[in-house]
Amino acid sequence: GGERGFWLALLYCIALFYAMKMMAHVIQQKVFGEGLGKMVAIRSLIGVNSDMMKAIRYILSQKGFSVAKVCIMCGGPDWPTSVLCGILGLPLYQTFLGLMPVIIPNVIPMTLSGAFLARKEESPTWASVADVVTMLALLIQACSMLVVAVYTDDILKNHKDILEQYGTDEEVARMEREAEAGKAAFKRAARLGSLPCLAKCALVSATAALVASSYLLLHAAPLCLRA
């Protein structure tokens, strides 16, 4: 009980939170991410053939604890980051290593913040300290994303050879070509000059009716509406 019990409970919560965080990453990457990665539409949605995604894939594929890799794993949003690792087919061991330092910028500050807020009734100081810890965690996360932006920008501008080592996902490329062809065909078919005469008349008359009704509603409502 007392202060000693509070700090022991806090240590227990930190350990539990950390274990849950690591376990969640494993499940999100292996179960959800790898499952979604088999769907062409999902791979197209995240842009696996884009230079930006190839640069992120290269960073996350690095072995050990590279700065940019740790910043992405620890500073990125929990669910999207872990699932993305699975969609890209990254080795779990390496992404797990990159996430291990998350206890410092995320787990400890968030646990401390919640624990201090729970004691705010005892003294306003606890609430103030909780706010400071939360702001510190958010600042660390923002700095992590800034580091990632710097690293990815450097790869995109100065290391094109790195991007070339990743081939094109042909299934995604074919799907995107078909989608572009469909959009172009729809655009051609939807041009006013391409429409049949009857469709043009319907479109023009509907537009005229919409404009007229809007004008009457805004400027002549008393004449058109009766209470």
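None of the figures in this text is laboratory data; all of them are computed from the coordinates on show. Just so you know, these numbers come straight off a predicted model, no measurement behind them. Every residue, glycine as well, gets a Cβ built from its backbone with ideal geometry; the counts of neighbours run over all protein chains shown.
At 7 Å along the Cα-to-beta-carbon direction for both ILE27 and GLN165, put a label point, then send me their distance in nm to one decimal.
Rounded to a tenth, the inter-label distance reads 3.4 nm.
Under 8 Å for C-alpha pairs, at least 6 residues apart: give me the relative contact order for the chain, rounded to a whole percent. Could you put the intermediate results ahead of the total?
Numbers: 187 pairs, mean separation 53.0, N = 227.
Relative contact order comes out at 23 percent.
From the Cα gyration tensor of segment 13-138, with a ≥ b ≥ c the square roots of its eigenvalues, which class applies: rounded if a/c is under 1.5, or else prolate if a/b is larger than b/c, or else oblate?
Numbers: a/c = 2.49, a/b = 2.36, b/c = 1.06.
It comes out prolate by the Cα gyration axes.
Across segment 42-191, how many lysine pairs separated by 8 or more positions, or lying on different chains, have Cα atoms within less than 23 Å? Provide the component values of the computation, followed by the final result.
Working: LYS54/LYS63; LYS54/LYS69; LYS54/LYS157; LYS54/LYS160; LYS63/LYS157; LYS63/LYS160; LYS69/LYS157; LYS69/LYS160.
So the count of such lysine pairs works out to 8.
Whole-Hz Karplus ³J(HN,Hα) for segment 157-166, in order, using 6.51 cos²θ - 1.76 cosθ + 1.60 and θ = phi - 60°, x for Gly and Pro?
Using θ = phi - 60°, the values come out as 8, 10, 9, 4, 5, 5, 5, 5, 6, 9 Hz.
Between ALA185 and ALA41, what is the FRET efficiency for a Förster distance of 30 Å, r being their Cβ-Cβ separation, to the nearest 0.05? Present the calculation step by step, with values, prior to reporting the outcome.
Values: r = 20 Å, r/R0 = 0.66.
That gives a FRET efficiency of 0.90.
Go through segment 99-112 residue by residue and turn each phi into a ³J(HN,Hα) via Karplus (6.51, -1.76, 1.60, θ = phi - 60°); whole Hz please, and just put x for glycine and proline.
8, 4, x, 4, 4, 7, x, 10, 5, 5, x, 5, 5, 4
Once the Cβ-Cβ distance between ALA19 and ASP51 is put in as r, and R0 is 45 Å, what FRET efficiency do you end up with, to the nearest 0.05?
Numbers: r = 37 Å, r/R0 = 0.81.
Taking R0 as 45 Å, the efficiency between ALA19 and ASP51 is 0.75.
How far, in nm, would the chain grow between HIS219 and GLN62 when pulled straight, counting 0.36 nm per residue and subtracting the alpha carbon separation? Working shown, then result.
Values: separation 157, 0.36 × 157 = 56.52 nm, distance 6.52 nm.
Full-extension gain reported as 50.0 nm.
Given N residues in segment 109-170, what is its alpha carbon radius of gyration divided by 2.2 N^0.38 Å? Spell out each step's value before the answer.
On the way: Rg = 20.5 Å, N = 62, 2.2 N^0.38 = 10.6 Å.
Compactness ratio reported: 1.95.
Return the loop-located trypsin sites (Lys or Arg not before Pro) in segment 171-227 (DSSP other than H, G, I, E, B) with at most 11 other Cβ atoms within 10 Å of their own Cβ; answer none if there are none. Don't skip to the answer; put the middle values down first.
On the way: sites: ARG174, ARG177, LYS183, LYS187, ARG188, ARG191, LYS200, ARG226; in loops: ARG191, ARG226.
When the trypsin sites (Lys or Arg not before Pro) of segment 171-227 are filtered for loop state and at most 11 Cβ neighbours within 10 Å, ARG191, ARG226 remain.
Quick one: 3J(HN,Hα) in Hz for segment 4-13, Karplus 6.51/-1.76/1.60 with θ = phi - 60°, rounded, Gly and Pro as x.
After applying 6.51 cos²θ - 1.76 cosθ + 1.60, I find 4, x, 4, 6, 5, 5, 5, 4, 5, 5 Hz.
Å³ per residue of the Cα convex hull, for the chain?
Working: hull volume 62.1 nm³, N = 227.
In the chain, the Cα hull volume divided by residue count equals 274 Å³.
If you average the C-alpha positions of segment 35-80 and of segment 122-168 separately, how far apart do those two centres end up, in angstrom?
Segment 35-80 and segment 122-168 have Cα centres separated by 14 Å.
Tell me which of GLY76, LEU192, THR168 sits at the most positive position along the dipole axis of the chain, charges placed on C-beta atoms (Lys, Arg +1; Asp, Glu -1).
LEU192
How high is the FRET efficiency between TYR12 and LEU117 when r is their beta carbon distance and R₀ equals 25 Å, given to the nearest 0.05?
0.90
How do 87-99, 29-41 rank on mean C-beta neighbours within 10 Å, highest first?
On the way: 87-99: 18.7, 29-41: 16.1.
Top of the packing list down: 87-99, 29-41.
Along the positive direction of the dipole of the chain (beta-carbon charges: Lys, Arg +1; Asp, Glu -1; about the Cα centre), which of LEU97, VAL48, TYR151 reaches farthest?
Result: VAL48.
Obtain the nm distance between the two label points defined at LYS200 and SER128 by a simple spin-label model: each point lies 7 Å from its Cα along the Cα-to-C-beta direction.
A separation of 7.5 nm, rounded to one decimal place.
Give, in nm to one decimal, the length gained when the segment between LEU146 and VAL211 is fully stretched (0.36 nm per residue of separation minus the Cα-Cα distance). Could you put the intermediate results ahead of the total?
Details: separation 65, 0.36 × 65 = 23.40 nm, distance 4.83 nm.
Full extension of this stretch gives 18.6 nm more.
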